[in-house]
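Student: Got a structure for you, written out below as structure tokens; questions coming shortly.
Where a number appears in this text, it was derived from the coordinates with a stated rule and is not lab data. Only a predicted model underlies this, so the values are computations on that prediction, with no experimental measurement involved. All Cβ positions, glycine included, derive from the backbone under ideal geometry; neighbour counts span all protein chains shown.
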Amino acid sequence: MSEDFRVLIVDDDFHVAKLHATYVDSVAGFLALPPAGSASLALQSIHSLRPDLVLLDVYLPDASGLDLLHQLDVDTMILSAASDAASLRTAFRRGALGYLLKPFTAESLSQQLRSYARYRRILGQPGALDQETVERAKRALIPGDVSTSAKPRSATEAAVLESLVPGEQYSAADVAGRVGVSRATAQRYLSSLADDGAVEIQLRYGTTGRPEHRYGLPAQ
């Protein structure tokens, strides 16, 4: 069973789409679906595969990706060589969550996807949202935003972060024992660090019951 974010790549260049799919699959928590090479195929794939995120090119053989964007009811980021201001403004006006200019590196796309994961995590919290949470969600979509990643840390938050060994995954109870705080306190700080992108979350599934959250440092 998997809770990975399912990503549909829409690009008419098969080799480019395949390359971008390998980039997506290299990011923990993301799974690339079979790509779509046109606007019409994209609509079919969205209907049948129900992706969480669409990575959309502007230049498609049967329609502009910007026109397609206007029809979509799914989170979408633009990946395109279209570098004119009009395309950028149209994309954001029609709801794009991000815009990445081709060509780009695997790391650039990884940063965008990690930002999206933080955004979804923040908005996935139960209950009504306050304005602070809304602002955190908006900032989360900016890779490497200093307002979230460079804020001063409390002594407890720093201790929680320092308790994590690179390459290892921990439960909140593990961290609580290492730091000397309650499990609830460790959980609260780990969630905050995850929102800021300082910590990554993976789900571990057992045979029954709810999945366990495991926390670790982002891969370098």
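Student: Please give the peptides 57-70, 89-102 ranked by average Cβ packing (other Cβ atoms within 10 Å per residue), highest first, as a rough proxy for protection.
Tutor: Packing order, densest peptide first, comes out as 57-70, 89-102.
Student: Please report the orientation-averaged projected area of the chain, defined via the convex hull of its C-alpha atoms, in nm².
Tutor: Result: a mean projected hull area of 13.5 nm².
Student: State the antiparallel share, in %, of DSSP beta bridges confined to the chain, rounding to the nearest 5.
Tutor: 30
Student: Just how far, in whole angstrom, is the stretch 169-195 from the stretch 1-54 if you go by their alpha carbon centroids?
Tutor: Centre-to-centre distance over Cα atoms comes out at 33 Å.
Student: Can you classify the stretch 1-88 as rounded, prolate or oblate using the Cα gyration tensor, where a ≥ b ≥ c are the square roots of its eigenvalues, rounded means a/c under 1.5, and otherwise it's prolate if a/b beats b/c and oblate if not?
Tutor: prolate
Student: Do the sum for the chain: with -39,500 (n - 2.57) for every DSSP H run of n ≥ 4, divided by all residues, what is the mean residue ellipticity at 222 nm, to the nearest 500 deg cm²/dmol?
Tutor: My calculation for the chain gives -13000 deg cm²/dmol from helical runs alone.
Student: How large is the charge dipole for the chain, taken about the Cα centre, if only the Cβ atoms of Lys, Arg (+1) and Asp, Glu (-1) carry charge, to the nearest 20 debye?
Tutor: For the chain, the charge dipole is close to 540 debye.
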